[in-house]
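The values are calculated or read from the model by the stated rules, or taken from the named source; none is laboratory data. Not measured: the values here are computed from a predicted model. With ideal geometry, Cβ positions are generated from the backbone for all residues, glycine too; neighbour counts draw on all protein chains shown. SASA here: full protein model, heavy atoms, side chains in, ligands and nucleic acids out. Shrake-Rupley method; radii C 1.70, N 1.55, O 1.52, S 1.80 Å.
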Amino acid sequence: MENRRQNKMASLLQQTMGDIFMKDIRDHVGSGVLVSITKVKTSPDLSVVKFYLSVFGTEEPQLKVDILNATSYEWRRKLGSELKNHLRKIPEIEFFLDDTLEYAQKMDELFKKLNKGEED
């Protein structure tokens, strides 16, 4: 369970990284690809932050997330320059694909099939 400090820091990190993505994301994933931060989780000691991303406009969203992970040092540097007055130590960054929407669509389809089977 995350405490108030972790939640506050996660919110700050999400806002800041979102601003950085708006400026610099096209150079890494290409134009026409939309990357949105859906959730941020921090470790209890704030040394690691996990960004969960939704990626739209591409057939291979996991590939785009892998590209971001390969350049995580650069994103960490940009985050550090933005938050140098707020944090003592800039956390390590990890990116993950958030597949919540796809999971919800699959579950919705399954429920529709079940309901259709009951009606017949």
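Just to be sure I understand the model, the point goes 7 Å from the Cα along the line to the Cβ. What's the resulting F96 to T16 distance in nm?
2.1 nm
Over the chain, calculate the relative contact order: mean separation of alpha carbon pairs under 8 Å at least 6 apart, over the residue count, as a percent. List each step's numbers first, then the result.
Values: 126 pairs, mean separation 29.2, N = 120.
Value for the chain: 24 percent.
Expressed as an acute angle from 0 to 90° and rounded to the nearest 10, what is the orientation of the C-alpha long axis of helix 4-24 relative to the principal long axis of the chain?
Here the helix axis deviates by roughly 90 degrees.
Zone of K41 (label point 7 Å along Cα→Cβ, backbone N under 11 Å): which residues in the range 52-83?
Residues passing the 11 Å test: 52.
By how many degrees, between 0 and 90 and to the nearest 10, does the Cα long axis of helix 72-83 differ from the longest principal axis of the chain?
On a 0 to 90 degree scale, this one is about 60.
What FRET efficiency comes out for L63 versus L110 if R0 is 41 angstrom and r is the Cβ-Cβ distance? Round to the nearest 0.05. Walk me through the numbers on the way to the answer.
Details: r = 27 Å, r/R0 = 0.67.
It comes out at approximately 0.90.
Using +1 at the C-beta of Lys and Arg and -1 at the C-beta of Asp and Glu, which of S11, L63, S36 has the Cα lying farthest in the positive direction of the dipole of the range 1-91?
S11
Just the accessible area per residue of the range 1-101, please: how many Å² with a 1.4 Å probe?
On the way: 6400 Å² over 101 residues.
With the other protein chains kept in place, the range 1-101 gives 63 Å² per residue.
Over all directions, average the projected area of the Cα convex hull of the chain and note it in nm².
Details: hull surface 38.2 nm².
The Cα convex hull of the chain, projected and averaged over all directions, gives 9.6 nm².
Once the other residues with Cβ under 14 Å from the Cβ of M22 are scored (Lys, Arg +1; Asp, Glu -1), what is the net sum? Numbers along the way, then the final one.
Working: positive: K23, R26, K78; negative: D19, D24, D27, E82.
The answer is -1.
Whole Å is fine, so just give me how far the alpha carbon centre of the range 1-44 lies from that of the range 78-108.
4 Å
With all protein chains present, how much of the accessible area of the chain (probe radius 1.4 Å) comes from carbon and sulfur, to the nearest whole percent? Walk me through the numbers before you get to the answer.
Numbers: 4220 of 8460 Å².
Carbon-and-sulfur percentage of accessible area, whole number: 50.
With θ taken as phi - 60° and the coefficients 6.51, -1.76 and 1.60, list the Karplus ³J(HN,Hα) couplings across the range 28-34 in order, rounded to whole Hz; mark glycine and proline as x.
Karplus values, whole Hz, x for Gly and Pro: 9, 10, x, 7, x, 9, 9.
To the nearest 20 debye, what is the magnitude of the charge dipole of the chain about its Cα centre, counting +1 on the Cβ of each Lys and Arg and -1 on the Cβ of each Asp and Glu?
Working: 19 positive and 20 negative charges, 180 e Å.
Charge dipole of the chain: 860 debye, to the nearest 20.
Quick check on the chain: of the DSSP beta bridges with both residues there, what percent are antiparallel, nearest 5%? List each step's numbers first, then the result.
Details: 8 of 14 bridges.
In the chain, approximately 55 percent of DSSP beta bridges are antiparallel ones.
Please identify every one of the trypsin sites (Lys or Arg not before Pro) in the range 1-89 that sits in a loop by DSSP and has no more than 15 other beta carbons within 10 Å of its own beta carbon.
Working: sites: R4, R5, K8, K23, R26, K39, K41, K50, K64, R76, R77, K78, K84, R88, K89; in loops: K84, R88, K89.
Those satisfying the criteria are K84, R88, K89.
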